[in-house]
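The values are calculated or read from the model by the stated rules, or taken from the named source; none is laboratory data. In this text the structure is predicted, and so the values were computed from the model without any measurement. When we count neighbours, we look across all protein chains shown, and the Cβ atoms used for this are built from the backbone with ideal geometry, even at glycine.
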Amino acid sequence: MKQILLKNAYIVSMNTRREIYNNGSILIENDKIKAIGKIEEKSLSVNAEIIDLKGKIILPGFINTHVHLSQQLGRGIADDVDLLTWLRERVWPYESSFDYESSLISSTACCVEMIKSGITTFLESGGQYVEAMVEAVSKTGLRASLSKSVMDVGEGLPKSWIKTADEEIEKQIELYNKFNNTSEGRVKIWFALRTIFNNSDNLILKTKQIADELNTGIHMHIAEIAAENEYVKSNKGNSTVEHLHNLGVLGPNLLAVHTVWLTDKEIDLFKLYDVKVSHNPAAAMKVVLGFARIPEMLEKGLSVSIGTDGAPSNNRMDMMREMYLTSLIHKGRTLNPKAVPAEQVLEMATVNGARCAMLENEIGSLEVGKKADLIVLNQNTLHSLPLHDPIANIVYTMTSENVESTMCNGKWLMKNREILVLNEAELIEKVKIKAEEIRVKAKIELPNRFPIINII
Ligand SMILES: [Zn+2]
């Protein structure tokens with residue numbers, strides 16, 4: 001039995017009463033939280049690891065509900081371009097030039113970046129090499145729901161990506177049977193629907209049926225751009241959400257990503273069917289999707305969480321920054337300083353994220369019996385002091401540099417800013433080489449923004 005005691009910390013538990021233990025302790029036994037609050041050291045086993053965190057903050061690990069692992073090496077290939085150029089001329093050629101090895105490097109780099117910003121669980125939108133993603137998650141120690149990128153219709157798609165609905169479903173069932181609940185239970189396999197542009201009704205219906213049978217989730221980009229609703233209306237007679245409602249697909253295991261263009265009626269439908277929402281503020285602004293009506297959704301009691309999206313659309317896998325943006329953009333949009341306050345942002349990044357991951361009984365808060373997924377924040381930096389209002393300070397002033405240590409499933413993944421699960425310096429070199437190799441293979445030429453004078 002392995003015991004770790006973290007003592008004298010400011011513990012933000014995010015339990016149902018949202019209690020904060022000032023000068024509190026947490027006892028971790030193997031992968032779970034055994035006790036929290038006041039803990040007598042004499043009750044511990046002789047070889048227990050005891051860490052004094054006086055003056056530091058402990059939080060539940062963040063849950064990033066929308067990530068594209070295989071886009072990590074594409075950071076910087078699609079900045080300041082419109083969405084169609086972004087997709088068809090940059091990201092699709094790039095991703096379709098991937099093989100297992102590039103996918104593994106991309107996924108691993110993305111996981112490590114997430115660990116460094118305090119993320120312990122993430123939900124992957126769907127990539128081509130799920131096996132490589134499983135390998136990366138297994139190695140880096142994170143918790144994740146992974147899925148395959150699934151597309152059976154659509155204009156401009158790389159040919160090798162288009163499969164029949166039956167082929168897509170069969171492959172996903174195979175992945176589920178092979179990988180669901182592997183890596184000490186950290187890996188879950190979900191089903192994915194890329195967008196309504198790329199998925200037939202037949203595929204959508206089959207996905208819903210099988211995901212329900214297997215009691216797993218469905219990850220889908222929904223109402224991402226205004227043109228999406230126009231397209232669905234002219235082709236299927238209704239908006240995306242109404243169409244999915246008519247098909248019977250709305251339900252608690254559906255994670256709707258972006259949801260920028262929702263009407264009041266559609267928000268009510270989401271509430272009625274307990275559809276989960278992933279809000280990605282940076283990507284929505286950078287790729288100019290628009291401003292999702294998040295305060296309205298939270299007001300109605302929807303489970304709204306936060307996602308980073310992929311590296312070409314954010315370009316940071318950084319939950320600290322994403323929380324900051326979440327609070328700010330909705331104040332700006334609604335001209336209301338009380339919109340999405342700091343405590344609500346923390347709920348989105350933790351307990352709401354756990355509901356979106358369908359893991360609310362295991363993660364999202366620090367409580368006895370839950371998994372030991374937590375982070376330690378060191379606020380002792382000039383940019384985050386003074387600490388008059390700790391909860392506000394976490395959201396408004398701290399950055400990922402304040403994340404000192406990250407633990408998932410009772411295991412330290414990063415301690416005192418050092419990544420423990422792999423050699424970070426080696427990974428950095430691999431990222432540089434592989435990213436350039438793929439850019440050349442995908443024939444992506446980026447214009448020089450300023451004249452370059454090469455000095456020989
Ligand atoms: Zn996405």
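Observations
- Long-range neighbours under 6 Å by Cβ, at least six apart or interchain, first residue closer than 22 Å to Gly141 by Cβ and touching a residue at least 40 places away in the same chain (Cβ under 8 Å) within the range 419-437, second not aromatic (Phe, Trp, Tyr) and not in a helix (DSSP H, G or I): Val421/Gly141; Val421/Leu413
- Sole residue being in a loop (DSSP other than H, G, I, E, B) and of a type in the set (D, E, K, R), chosen from Arg439, Arg355, Arg449: Arg449
- Leading residue by the ranking (nearest to the ligand (Cβ to nearest atom)) among those in the range 271-289 that are assigned to a helix (DSSP H, G or I) and farther than 17 Å from Ile306 by Cα: Tyr273
- Taking residues in the range 248-261 that are at pLDDT 95 or above, and partners anywhere that are among the hydroxyl-bearing types (Ser, Thr, Tyr) and away from the ligand (no atom under 12 Å from the Cβ), the pairs with Cβ atoms closer than 6 Å and at least 6 places apart or on different chains are Leu250/Tyr273; Gly251/Tyr273.
- Filtered residue count, the range 290-303, keeping only those that are part of a helix (DSSP H, G or I) and under 18 Å from the mean Cα position of the chain (by Cα): 1
One line per residue, one yes/no per condition, for (1) more than 16 Å from the ligand (Cβ to nearest atom); (2) touching a residue at least 24 places away in the same chain (Cβ under 8 Å); (3) β-branched (Val, Ile, Thr):
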| position | (1), (2), (3) |
| --- | --- |
| Asn8 | yes, yes, no |
| Ile28 | yes, yes, yes |
| Gly37 | yes, no, no |
| Ile51 | yes, yes, yes |
| Lys56 | yes, yes, no |
| Trp92 | no, yes, no |
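- Residue under evaluation Lys265, criteria (1) modelled with pLDDT of 95 or more; (2) basic (Lys, Arg); (3) within 16 Å of the ligand (Cβ to nearest atom), criterion not met: (3)
Conditions (1) within 16 Å of the ligand (Cβ to nearest atom); (2) assigned to a loop (DSSP other than H, G, I, E, B); (3) in contact with a strand residue (DSSP E or B) (Cβ under 9 Å, 6 or more places away or on another chain), marked per residue:
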residue: His221; (1), (2), (3): yes, no, yes
residue: Glu230; (1), (2), (3): no, no, no
residue: Lys233; (1), (2), (3): no, no, no
residue: His245; (1), (2), (3): no, no, no
residue: Gly251; (1), (2), (3): no, yes, yes
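- Here the range 290-325 is the region considered, the condition is being of a type in the set (Ser, Thr, Tyr), at pLDDT 95 or above and crowded, with 23+ Cβ neighbours inside 10 Å, and the residue that is farthest from the ligand (Cβ to nearest atom) is Ser303.
- Sole residue being of a type outside the set (Val, Ile, Thr), part of a loop (DSSP other than H, G, I, E, B) and out of contact with any Pro (no Cβ under 8 Å at 6 or more places or on another chain), chosen from Ser107, Ser45, Ser70, Ser103: Ser45
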